[in-house]
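Encoded as structure tokens, the structure appears first; notes follow it.
The values are calculated or read from the model by the stated rules, or taken from the named source; none is laboratory data. All values reported here derive from a predicted model rather than from experimental measurement. Counting neighbours? That spans all protein chains shown, and the Cβs are built from the backbone with ideal geometry, glycine included. With ligands, DNA and RNA removed, areas are computed over all heavy atoms of the protein, side chains included. Shrake-Rupley method; radii C 1.70, N 1.55, O 1.52, S 1.80 Å.
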Amino acid sequence: MKERGALRVRLDQLAREVAKFGAVGALGTLVNFGVSNLLWHTTDLQAVRANVIATVVAIAFNYVGFRYFTYRDRDKSSRTKELTLFLMFSAVGLVIENGVLYAAIYGFDWDSPLQRNVFKFVGIGIATCFRFWSYRTWVFKSLPARETVAHAESFLDEPVDVTADTKRAAAAATQRAS
């Protein structure tokens with residue numbers, strides 16, 4: 001029964017994490033689509049180059065959202081390492097997202113505004129699965145559960161009887177010697 005309650009708590013926590021990740025991701029997706037479509041319609045940049053710029057803008061937006069909203073309760077002890085890992089995994093996501101768009105445009109000649117947006121959406125979807133897994137596993141690591149830490153540190157509160165420990169060790173050594 002206790003295990004079922006613990007499982008329920010973990011599932012609830014995961015559901016909240018997915019919802020927060022999704023909220024930040026949805027806003028980041030709007031930023032990504034907005035910037036890419038703005039660049040596609042107002043500049044002479046090639047579609048994939050414009051999309052790379054839009055993805056980089058969305059990555060910056062998402063880092064702020066993930067760090068200060070989705071994963072605000074996670075370990076903050078090494079921001080440099082966190083940002084480095086975030087950018088590394090985001091770069092992989094960027095390649096996934098833009099690789100799908102590149103394949104659609106240059107591999108299949110699907111280059112209408114509607115087709116660009118459809119394949120951009122597909123690329124974002126695939127990259128999002130990778131990003132969710134990598135961010136929660138490697139970038140924004142969970143702190144140990146409070147109960148685990150409290151239990152592990154509880155021995156610090158217990159008085160230590162050095163003489164009793166010494167007597168037990170001496171008795172054990174004497175017994176082994178005989």
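Observations
- The residue pairs whose first member lies in segment 108-132 and is outside any helix (DSSP H, G or I), whose second member is among the aromatic types (Phe, Trp, Tyr) and open to solvent by less than 90 Å² (accessible area, probe 1.4 Å), and whose beta carbons are closer than 6 Å, counting only pairs six or more residues apart or on different chains, do not exist in this structure.
- Any hit, segment 64-72, residues being out of contact with any helix residue (DSSP H, G or I) (no Cβ under 6 Å at 6 or more places or on another chain), within 17 Å of Ser36 (Cα to Cα) and aliphatic (A, V, I, L, M): no
- Number of residues in segment 93-135 that are acidic (Asp, Glu) and over 27 Å from Phe66 (Cβ atoms): the value is 2.
- Taking the listed residues Gly123, Gly99, the one that is open to solvent by less than 50 Å² (accessible area, probe 1.4 Å) and within 17 Å of Gly25 (Cβ to Cβ) is Gly123, with no other qualifying.
- Of all the criteria given as (1) assigned to a helix (DSSP H, G or I); (2) open to solvent by less than 80 Å² (accessible area, probe 1.4 Å), the one not satisfied by Tyr68 is (2).
- Residue count for segment 18-51 satisfying the condition of being of a type outside the set (Gly, Ala, Ser), closer than 18 Å to Phe89 by Cβ and either buried (at least 18 other Cβ atoms within 10 Å of the Cβ) or without any contact (Cβ under 8 Å) to a residue 12 or more places away in the chain (or both): 4.
- Taking (1) open to solvent by 50 Å² or more (accessible area, probe 1.4 Å); (2) at pLDDT 90 or above in turn, Trp138 satisfies each apart from (2).
- Criterion violated by Asp75 - all others in (1) surrounded by 11 or more Cβ atoms within 10 Å (Cβ to Cβ); (2) assigned to a helix (DSSP H, G or I); (3) among the acidic types (Asp, Glu) satisfied: (2)
- Tallying residues that are open to solvent by less than 80 Å² (accessible area, probe 1.4 Å) and touching a residue at least 12 places away in the same chain (Cβ under 8 Å) within segment 79-95 yields 9.
- Criterion violated by Asp109 - all others in (1) open to solvent by less than 60 Å² (accessible area, probe 1.4 Å); (2) more than 13 Å from the chain's Cα centre (by Cα); (3) acidic (Asp, Glu) satisfied: (1)
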